[in-house]
1. Under a point spin-label approximation (7 Å from Cα along Cα-to-Cβ), what is the A:R3-B:Q221 distance to one decimal in nm?
2. Between A:D306 and residues 5 or more places away or on another chain, which pairs have amide H atoms under 5 Å apart, with H built 1.01 Å from N, and which residues are they?
3. Separation of region B:61-92 and region A:1-68 by C-alpha centroid, Å?
4. Let me see the pair-distance distribution of region A:557-705: every alpha carbon pair, 10 Å bin width, integer percents in order.
5. Suppose each label sits 7 Å from its Cα in the direction of the beta carbon; what would the B:V589-A:A674 distance come out to in nanometres?
6. Let me make sure I get this right: for region A:21-159, a, b and c are the square roots of the gyration tensor eigenvalues over alpha carbons, sorted descending. Under 1.5 in a/c it's rounded, otherwise prolate if a/b > b/c, else oblate. Which is it?
7. Under 15 Å from the 7 Å Cα→Cβ point of B:R467, by amide nitrogen: which residues of region B:317-360?
8. Counting other beta carbons within 10 Å of each residue's own, what order do A:H59, A:H239 fall into, fewest first?
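No lab work stands behind these numbers, since they all come straight from the coordinates. Please read these numbers as outputs of a predicted model, since none were measured by experiment. Cβ: placed from backbone, ideal geometry, glycine included. Neighbour counts: every protein chain shown.
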Amino acid sequence: MIRTLAPLIPLFPLLACLITLVLGPKVLKGLSHLPAIIGIGASCVCSWILVFAVAASPHPETLEIYKWMLVGGDASVDISISLGVDSLSVTMLAMLTFIATLVAIYASGYMHGDPGYFRFFTEVSLFVFSMIMLVLSANLIQLFMFWEAVGLCSYLLIGFWYEKPEAAAAGKKAFLVNRIGDFGFALGVFLLWDTFGSVNFETILDPVKIANADPAQIALACLCLITGAMGKSAQFPLHVWLPDAMEGPTPVSALIHAATMVTAGVYMLTRCTPLYMVVPDIQLFVAVMGGFTAILAALIALTQNDLKRVLAYSTVSQLGFMFLGLGTGSMLGIAGGMFHLVTHAFFKALLFLGAGSVMHAMGGVIDMTRFSGLRRVMPQTYATFLVGSLALAGMPLLSGFWSKDTILSAAYSAAYEDGHHAEPAHAADGHGAGEHGTGEHGAEGHGSGDHAASAHPVERLSLASAKVAEREPIRFAGLDPKVVYKGLFWMAALTALLTAFYTFRAFFMTFHGETKIPDEAGHHAHESPASMTIPLWILSIGAIGIGAALGHPTGLFDGFLDRTLPGLSEHHATNWFVVGLSGVVFTLGVGVAYLMYGRPSTAPATVAKLFDSLGGLTRASYNKFYIDEVYNALFVTPLWVIAQLSRFLDWMLIDTILVGGISKLPAFLLGKPARPMQNGLVQFYGLAMTLAMGVLLVALVWQQR
Amino acid sequence: MTQVLLILVLLPLAGAGLTWFLGRTNPERARALTLVNTLLSLALCVQMVLAYDPGLKSGSEPQVLQMVVSYPWLGGGGDGPDIRFSLGVDGISLWMIALTGLLMVTSVLVSWTAVTENPAAYYSLMLLLQAGLVGVFAAQDIILFYLFFEFTLIPLFFMIGIWGGHDRRWAARKFFIYTFAGSVLTFLGLLFIVLSHQTMSAQPGQPLTFNIPKLVADITQLTAPANRANYEYWEQVGPWIFLALFAGFAIKVPLFPFHTWLPLAHVEAPTAGSVLLAGVLLKIGSYGFLRFALPMVPEACWTMLPWVAWLSLIGIIYGALLALAQDDIKKLVAYSSVSHMGFCMLGLFAFNTTGMAGGVLQMINHGLSTGALFAIVGLLYERYHTRDIEAYGGMTRKFPVMAFFFVTVIFSSIGLPGLNGFTGELLALMGMFKADRLYAMFALTGIILGAWYSLWLVQRTFFGKFREPIVEHAYHAAPGAPTTAAAHSHGGEHGAGHGHGASHGGHDDHGHGGHGHAAPRGPVGDPSIGDLNVRELFAVVPLVACMFWIGLAPQYVLDRITPSLAPIEKRMQDTRQAALEMRAKRVEVAANGAEAAGQAGSDVALVGWKQSQKD
C-alpha cells in the first residue's frame, strides 16, 4: 500500500509541471491551471490515504527510487534518491498538498488573464514536487538538493513579474540570503557525513551511533544545520529576504512564503531531533534565536502599512515561535513547534489569500492607508480574514491558540520546572515513551526492522541519553539555561501580545472604518470570484478546528508523530497559568488594537500622534530596525568595493606590473644592451669584426701554446 | 572500434583540408562541410562512449585504458628513444574527447552566420583545433601529447587574431606567448621524467620509453621506499619536476595569479573560440595535473598541496569578486571560469576518488555550462554587437526562449541540484572536506559569490525593464551571408514556430517557449531581431540536455570515471603512507645520533599529511 502510493505523490505534480511546460504556451493557455489543480489534488488525495496507511502500518518505510551517486574509495559517497515514509513526513505531506491544492484553485482566479499564466502553474507544480521530495527525503543530500530546488522555485516565483525591478531584485536577494544559509547547511551535511560515514537519516539519527560519536562534532554539525534552517525559515539574521519576497504573486506568498517552504527549516530540525537531543546548548541557541526573531519581527510588524508585509513579518515571528519550541529541549516543545507549523500553515495561508483577495479587488494596491472599510465591499473576505486573524492572535479554542499554548508551556517548563532541561530528563522522556508505547506500537520506532532486533529504539534512545547525561555539558559563558528560558518565556508572552495587536491593527485598518477605495481599483471593487472565496472558507474551517481536532484535546497529532519521534506524546498536564496568560494577552492585544484602530471615533490623527510620541522607536520599527541598511553597509558595499578594487588590482598589479614586467624582462636584460650595437655604421661593424677576429686568434694561439 | 581514436584525430584533419580546398570559393559549402564533419565526429564520440567498458579486466586487474592504437613513429630500436604514435582512452579522457565532439558542433552552429570573413579558413582552423584537442586527450606518448598540446595553440591563435574583436592581435599574441612560455617548462619537466626513468631503471639496452602508462607503472615501482636510493632521488627532484609541470598546466587552468591572459583572450575571441577555449582548452591544464603530476610525482604533490589549494581558493573567491565587478558579459563569464576551475583543482587535489571524480566532473560541467554560456552570449552579441551589460535589460520579454536557456545554464553554473554543476561541486567539496576541512569551508564561500554575480547578471540583462541596445548593423543584413535573411525573417515572427524538430531530452518543441517569460505580446523592440531560431536551438539544446543528464543521473558518467581514478588514489595514499614510515625511520636514525639527511625537506613535505592524519 505505502510502496505503491508514495511514489505517486511526487509524480503527479511533476507530470503537471511537465504538461503545463510543454502544452501551456500553445495548447492550454488559459486552461493551464487544470493540470496543476488535478495533479496537486490527486497528490493530496494520495497523501491523505497515505496518512491512514502509515497509521495502520507498524514500520516506517524507505523506498529507493534510484541510485543517484555511488563513489567508492577513501571517502566513499553513496546517495540514492529515495522516499522515506514515516509519520512525520506524511503529516507534512498531508498539510502541504492540501494547502497547495487550495492555493492552486485560488490562483486560477487570482492569476486569471496574466500573460505568464501557464508559467505560473508550471513553477507552482515544480515547487510542489520539490517540496514533496524534500519532505520525503531519506538522506541529507537529497534533502539539500530539494532544499535548493524549492529555493529555485521561490526565486522564479518571487521574480515572476520579472519586469518589475523590485521583483527581480527580491528574487535575487531571497536566493542569495538562502545561499548563505545553505553554506552552513552544506558544511553541516559534510560534517555529519565525515562523522558517520553516511548521509542517510537511518544512520545519522541512530541514537547509539550518536552517543558514540564525538559530541563536539555533533554540536558543530547541528550549529551548521541551524544556519541552513535560519536561512530557509527566515530567522534573524537571515530573515531579510522574506518581507521582500512579497513582490511575488500573493498565492505564492501564501503557499511558499508562509505555509510550506519557509517551514522546511523547522521540519529539518525536527527531523534531526535525535542529534539535537544530545547537544542541549545548541538547543538553547535555537531557542534564543527563535525567541529573538519572534519579538523582533513582531515589533517591525507593528508599524508596517503594507498588508502583505505585516503578514510577512508575522510569518517570520511565528517561525521564531516554532524555533523557540524546538529549542526548549523537551519533547513537548518539539511537539508544539511541529504542531504550530501545521496550524500556522492553515491560518497564515488563509490570511495571505485574504490579503490577495483584497489586493485583487483594489487593483493591486496593498497599502493599508489607501483603503479601509472593506467589510461592506467584500463580506466573504472579511469574514474569513477575521477567522484567520483570530487564529493568529491566539483566540482561545481556535487552532493558533492550541499550538502557541503548547510552545509557551514548553518554554514555561524549561524555565520554571525542575528537570526539564537537565539532561537526565531525556532519559526520562524516553522511558515515559517506552511505557506509553509498549501497548500500541511496540516494535516501531524510527529505525528499520533489523534495528529493532538488536534493541528497542526507545531503550536505545534512553541508553544514548543516559550516556550523554554523564558528560559535562558545555555552557555558554557559564549562563544558567533556566535564566535564559525565563527571559525567553516572557519575551514569547510579549510577542503573543504584540501579535494580537498588529494582526488586529491590520484587520481594522483594512476592513473597518469608512469605506475608502483607491483609484486603481476602478469602479469594479467587488468581492472575489468563487474560485478564490471557496478556498478561503475551507481554510477558515481548518483555522478554526484543526487545533482542537488534532491538538491537546485529542492528542492525535502527538500520538501520530510519536511513531517517528518516540516520547512526543508523553502526557502533560494542562498548564493553566499559560492558558490564562494566553487569554489575557489575546484580549489585551485585540482590545488595544480596537481602541486605536477599530472604533470609528478614533481619528487616525490620534493614532499618528501616539506613534509620534514614541518617536525614534516607531521610526526604527517602520524602517525594520535598519537591518537592510546595516547589511548593505557591512557586507554588500564592502564586498562591492573589494570587487572593484580587485578589478583594478588585477589589471594594475597582476597583469601590468607582474605579467607585463616579466614579459619585458628578456627584452630589458638581453635586448636593450644589445640594441646599441646594431647602429648601422659599417665602420663599427668592421671594427667589431676585426677585434673579434683578433681575440679569436689570440685565443687560438693561447690554446696551442 | 579500436581504430576510433585514430579516426577521431584524422577525420577533422582531413576535414580541415577538404573545407579549405572546397570551401574557399563557396562559404556555404565550407560551413556545411564542417558541420557534417563535426557531426560525424560527434557520432563517433557517442560510439566511443558506448563502446567503452568500465568493467573490462585484463587478468584480474581492471583495464581502464582502452581502444589503444600504437604505431612506431620516431626512433625505436636499440637503446635510443622509442617515440610512438599511441592513442588510447581511459575514463577521464573518454569524457574530455566526447565533450570536445559535442562543443565542436555547437561552435560550428554559433559561427554559422557570425563569421563572414573568409569562412573556409576559419572552419579549417576550427577543425584543426578539434584534431589537436582530441589528440591531447588521447595521446599515450609524452612527445605526442606535447605535440598536440602545443598544436592546439596555433589554430586558436589565428582564430583570435583574425576573427576576434577590436583588440584581437594583442589578445592573440598574449594568449600565445603566455601559454607557450609555460608549456616549454612543462616539456622540460616531462623530458626529465623520461630521462630519469631510464637512469633509475638502470637497464642498459632498453629503449628510452615515452609511453605514459608504462612510465607511471615503472616509476611507481622504481621509487618505492624499498629502493632507498631511487626513493630519495625522487624525493629530491620531485618538487622541481612538479614546478616545471605546474608552469604549463597552471597557466592553462588557469590558476591565480596566472589567469590574466584568459579574460582578454575570451573577450576578443570569436564566439566559437570562446566556447572551445573555456569548454575544452582550459581542461588540458587540469587534465595534465591528473595525468602527469599526480601519478608521477605524488610526493611532490603532497608537498605542494597547500600551495595549489590556496591558489585555487584565491582563484575561487578572487575570480568571483572580479566577475562581480565586470560590466562586460564575456569578461564576467571569463572570470567565472577562473572561479569554477578553482573548484576543479581543489577536487583533484583532494587525492581521494570522491574529490578527483568531482574534479573531473567539474571539468566536464564547466565545459558544458561555460561553453553554453559563451554560446548564448555570443548569440546575443551577434544580435546587438555589444557586450555591455548596461545596454541590456528585460530581454526575457523579447527572447523568452533564449531567456529560458540562459537562466537554465546560469543555474547550472551556480550549481543548482538537478543540473550538472551541483554534482561536480558536491563531490569535489566532499572529497576536499575529507582531506582538509578548512579548504572545503573556504571553497564553499565561493558558491555564495557565484550565485551573486550570476543572478545579478540575469537580473541586469534578462530581468528588469526592457532595454534594447541600439543596433547599427542588424545582423541579418550582414554582407556575405545572403541566406541568413530568410532564416531570420522566420525568427522574426515572434514566437511563431520556434524549435521545429528541436525535441531533445524529453522536451517537446513547444517547451522551449515555456519558462521564465511572458507570453508573446507581439514583437518587442526592433522587429528585425528575433528569438533563437532552429539552428541556434540545435547549438544550445544538446548542451542543456547533457546538463540535466549529468545532474539527474550522474552515475553513468561516474561509473566510467572512478575506475580510472582508483589507481591514482591508491598511489597517493601509498605515497603518504610510505613517506610517514620513512619519516619515522629517519627520526629513529636521528635519535640514534646519525645524520638525518634531507629531513628538513621531508618536514615540509609532511605539513599536508598531518591534516589527514586526524582520523
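1. For the pair A:R3/B:Q221, the computed spacing is 5.1 nm.
2. Amide H to amide H, under 5 Å and 5 or more residues apart or across chains, A:D306 pairs with A:M368.
3. Taking the Cα centre of each part, region B:61-92 and region A:1-68 sit 54 Å apart.
4. Reading the bins upward from 0: 8, 10, 12, 11, 13, 8, 8, 7, 6, 5, 7, 6, 0.
5. 4.7
6. Oblate shape, in that a/c is at least 1.5 and b/c is the bigger or equal ratio.
7. The answer is B:327-329, whose backbone nitrogens lie closer than 15 Å to the label point.
8. Fewest-to-most Cβ neighbours within 10 Å comes out as A:H59, A:H239.
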